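K.L.:
Structure below; questions to follow.
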Amino acid sequence: MLSEIWEPDLTVVFVGTAVEELSDTLGFYYLHPRNRFWELLEIGGITPIRIISASERKALTVGHARGNLSDPVRSMFTQKKTSQLLRLGIGLTDLNRRVIASGDKDKAARPTEEDIQQFVGRAVKLNSKILAFVMNADLFVELFTLRYPGVTATLGLQSFKIGNAEVWLLGSPAGMLRGEVLTKQEDAFFALGERISALKEESAKG
């Protein structure tokens, strides 16, 4: 199971549903070829460059297929990318930390009420400025509606907070989105990027 990247007082922590099997095998988050997470971070200006490029993802995939992806190589790659993210104030975690998901429709990947309770407890303790959920919008609503009646499936800033953290819904970066749906997701990442920049400016002023 991939270790979460979540330290106290980060600017933003991206929250998925569960660790995907391919990513766990290759050693880092969001490495499925149909997952646009790293691209969307760059599009939104959340990272200055694409933290994991298409060529890096391909090299990991080919290395694994050929049996050349050793534990030391995986570990070195993970440490490098984790360091890059933390320098930017970015963390990564998942609601369900119990299982590795075989795919989007894996029923075992669905977070339980206990998963949500543990997540909220950690979120309050670690005090991130923003919690950004990268997951199916309908599932997001189902999971949080009892705790936070104001939750909606609309992408962007939500009306409630978890602890002191703003809550953003960005939708799932996996799959083949097109047209208006894709535009709305890219707009949500762009709006989040602007908010992160504003928070950093406020912090710099003191």
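The values are calculated or read from the model by the stated rules, or taken from the named source; none is laboratory data. All of these numbers come straight from a predicted model, not from anything done at the bench. Glycine also receives a Cβ, built like all others from the backbone with ideal geometry; neighbour counts cover every protein chain displayed.
K.L.:
Please tell me if Val167 is touching a strand residue (DSSP E or B) at 6+ places or on another chain (Cβ under 6 Å) and on the phi < 0 side of the Ramachandran plot.
P.N.:
Considered against the rule, which asks whether it is touching a strand residue (DSSP E or B) at 6+ places or on another chain (Cβ under 6 Å) and on the phi < 0 side of the Ramachandran plot, Val167 comes out as yes.
K.L.:
If you take the residues of the stretch 18-72 that are of a type in the set (Val, Ile, Thr) and without any contact (Cβ under 8 Å) to a residue 12 or more places away in the chain, which of them is surrounded by the most Cβ atoms within 10 Å (Cβ to Cβ)?
P.N.:
The qualifying residue surrounded by the most Cβ atoms within 10 Å (Cβ to Cβ) is Val62.
K.L.:
Run down Gly163, Gly193, Gly171, Gly150 and say which single residue is surrounded by fewer than 20 Cβ atoms within 10 Å (Cβ to Cβ) and in contact with a helix residue (DSSP H, G or I) (Cβ under 7 Å, 6 or more places away or on another chain). Even if it seems obvious, please write down each step before you answer.
P.N.:
Values: Gly193 fails: in contact with a helix residue (DSSP H, G or I) (Cβ under 7 Å, 6 or more places away or on another chain); Gly171 fails: surrounded by fewer than 20 Cβ atoms within 10 Å (Cβ to Cβ); Gly150 fails: in contact with a helix residue (DSSP H, G or I) (Cβ under 7 Å, 6 or more places away or on another chain).
Sole residue among the options that is surrounded by fewer than 20 Cβ atoms within 10 Å (Cβ to Cβ) and in contact with a helix residue (DSSP H, G or I) (Cβ under 7 Å, 6 or more places away or on another chain): Gly163.
K.L.:
Can you give me the number of residues within the stretch 135-167 that are within 19 Å of Glu7 (Cα to Cα) and touching a residue at least 24 places away in the same chain (Cβ under 8 Å)? Walk me through how you get there before you give the answer.
P.N.:
Pass one, the stretch 135-167, residues within 19 Å of Glu7 (Cα to Cα): 161-167.
When the remaining residues are screened for being touching a residue at least 24 places away in the same chain (Cβ under 8 Å), the result is 162-167.
Looking only at that region, the number is 6.
K.L.:
Find the residue count for the stretch 152-188, including only residues that are outside any strand (DSSP E or B) and over 15 Å from Leu131 (Cβ atoms).
P.N.:
Of the stretch 152-188, the ones outside any strand (DSSP E or B) are 152-155, 163-164, 170-173, 175-188.
Filter once more, keeping what is over 15 Å from Leu131 (Cβ atoms): 152-154, 172-173, 175-187.
Number of matching residues: 18.
K.L.:
Also, I was wondering about something else. Out of the residues in the stretch 94-122 meeting the condition of being of a type in the set (A, V, I, L, M), outside any strand (DSSP E or B) and modelled with pLDDT under 95, tell me which one is nearest to the chain's Cα centre (by Cα). It would help to see each step written out before you state the result.
P.N.:
From the stretch 94-122, those of a type in the set (A, V, I, L, M) are 95, 99-101, 108-109, 116, 120; that's our starting set.
Adding the requirement that they be outside any strand (DSSP E or B) leaves 108-109, 116, 120.
Among the residues that remain, those that are also modelled with pLDDT under 95 are: 108-109.
Values: Ala108: 19, Ala109: 15 Å.
Within the stretch 94-122, the match that is nearest to the chain's Cα centre (by Cα) is Ala109.
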